[in-house]
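See structure below.
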Amino acid sequence: MSRILVTGATGFIGRAVVTSFTAAGHDVRAAVRHAPAPFGPRVEAVAHGDLGAGVDWRPLVAGMDAVIHLAGIAHAGPGIAQARYDRVNRQATAELASAAQAAGIRRLVLVSTIRAQSGPVAEPVLTEADEPRPTDPYGRSKRAAEIAVCRSGVPFTVLRPVLVYGPGVKGNLRALTRVAALPIPLPFGAFTNRRSLVSMENLVAAIAHTLRNDTSSGETYVVADPQPVSLADMVAALRNGLGKAPRLIAVPPGLIRFGLSAIGRGHNWDQLNGQLIVDPAKLIAAGWRPNPDTKGALAAMAMPAAAQGVSA
């Protein structure tokens, strides 16, 4: 079994990674920003402070076999300065990679994002062979972090997951789950745009797979469930998990776009109608075996809300 440093250990992905790897018998050093949070057995919790203020990674990587780097600014949003993205996402990662190389770490897995390769929407199907073209400071900082790791000399694997879903999800998918819980028909039946998602189960399995396999060293992989889903598919699956019938009405998407613009929410259009499809064939060819049932996993994600009494 291995000794693994997990940064960002209290985040949405981090907690799932810590739980999975300790269950598999690994010893985990869980690095968090503030005072160490409670974890289960086989977990050593340590605090590293604000990544933007500089971190001495040497004591954190000491004695470790591998590093899974999740910490950083994990989204694009207003009010975050470009310099902040660069300091937290690129420079802190570069410093961690340098410390890991000096400590003889056998593998650093950088969990980056598809936004290091593309904007929030893309018409062609994306693969690792496509030239990275991030479109905002967040994506550019994550791409710069990838480059820093590649140049550090530490054995590495870069993963670029698409939007991750699972129990405890936040952001747009949590908002969509709330919409799906409404006791009314919903106007998404005519939406045929498709998006790739990745379940937490599949992402954690991808991290574990790349750590186990030496052939993944030096590689970059996009990570997504095998089959993309439409917005209508997503809402129907969430409603299934909530114990509801789909009840989707085929309202022309153009009318919905007009309505969003009329109420000052035109910026939400790409979130509803945008397309972004990722082909994970390279990672599958390397031996990763994802669960292909995205609709079932989305339904399972919504089930706790149903159990808490959301009524039809």
Q) Are there any pairs, at least 6 apart or on different chains, whose C-beta atoms fall under 7 Å, with the first in the stretch 190-205 and on the phi > 0 side of the Ramachandran plot and the second part of a helix (DSSP H, G or I), and if so, which? A) none
**Q.** the stretch 182-212, subset crowded, with 19+ Cβ neighbours inside 10 Å and assigned to a loop (DSSP other than H, G, I, E, B), residue modelled with the highest pLDDT
**A.** S196
Q. Scanning for something closer than 18 Å to R115 by Cα and β-branched (V, I, T), does the stretch 28-39 turn up at least one residue?
A. no
**Q.** 2 or more residues closer than 24 Å to T135 by Cα: qualifying strands (runs of 3 or more DSSP E) within the stretch 1-116
**A.** 107-111
Q: Please give the number of the condition N268 fails out of (1) buried (at least 17 other Cβ atoms within 10 Å of the Cβ); (2) part of a helix (DSSP H, G or I).
A: (1)
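If you check L260, L283, which single one turns out to be closer than 20 Å to G166 by Cβ and in a helix (DSSP H, G or I)?
Numbers: L260 fails: closer than 20 Å to G166 by Cβ.
Only one candidate qualifies: L283.
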Q. Which members of the stretch 259-277 meet the condition of being of a type outside the set (D, E) and touching a residue at least 24 places away in the same chain (Cβ under 8 Å)?
A. Q271, L272, N273, G274, Q275, L276, I277
Q: Take E95 and decide whether it is at pLDDT 95 or above and in the same structural domain as F21 (by TED's automatic domain parsing).
A: yes
Q | Answer from P124, P36, P41 - the residue that is surrounded by fewer than 13 Cβ atoms within 10 Å (Cβ to Cβ) and over 28 Å from L283 (Cα atoms) | A | P41
Q.
Can you pull out every residue in the stretch 92-127 that is of a type in the set (V, I, T) and within 15 Å of L5 (Cα to Cα)?
A. T93, I105, V109, V111
Q.
Looking at the stretch 65-78, can you tell me whether even one residue there is without any contact (Cβ under 8 Å) to a residue 12 or more places away in the chain, closer than 19 Å to G218 by Cβ and either small (G, A, S) or crowded, with 18+ Cβ neighbours inside 10 Å (or both)?
A. no
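Name the residue, out of S152, S141, that is surrounded by fewer than 22 Cβ atoms within 10 Å (Cβ to Cβ), touching a helix residue (DSSP H, G or I) at 6+ places or on another chain (Cβ under 7 Å) and among the polar types (S, T, N, Q).
Going through S152, S141 in turn, just one is surrounded by fewer than 22 Cβ atoms within 10 Å (Cβ to Cβ), touching a helix residue (DSSP H, G or I) at 6+ places or on another chain (Cβ under 7 Å) and among the polar types (S, T, N, Q): S152.
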Q. Within the stretch 172-179, is even one residue β-branched (V, I, T) and within 15 Å of P290 (Cβ to Cβ)?
A. no
Q.
Quick check on my filter: what residues within the stretch 45-98 are at positive phi and under 22 Å from the mean Cα position of the chain (by Cα)?
A. G72, G79
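Within the group V164, V149, V169, V154, which residue is over 19 Å from the mean Cα position of the chain (by Cα) and among the aliphatic types (A, V, I, L, M)? If you could, list the steps in order and put the result at the bottom.
Values: V164 fails: over 19 Å from the mean Cα position of the chain (by Cα); V149 fails: over 19 Å from the mean Cα position of the chain (by Cα); V169 fails: over 19 Å from the mean Cα position of the chain (by Cα).
The conditions single out V154.
The values are calculated or read from the model by the stated rules, or taken from the named source; none is laboratory data. Being a predicted model, the structure only gives us computed values, none of them experimental. In this analysis, Cβ positions are derived from the backbone assuming ideal geometry, glycine residues included, and neighbour counts consider all displayed protein chains.
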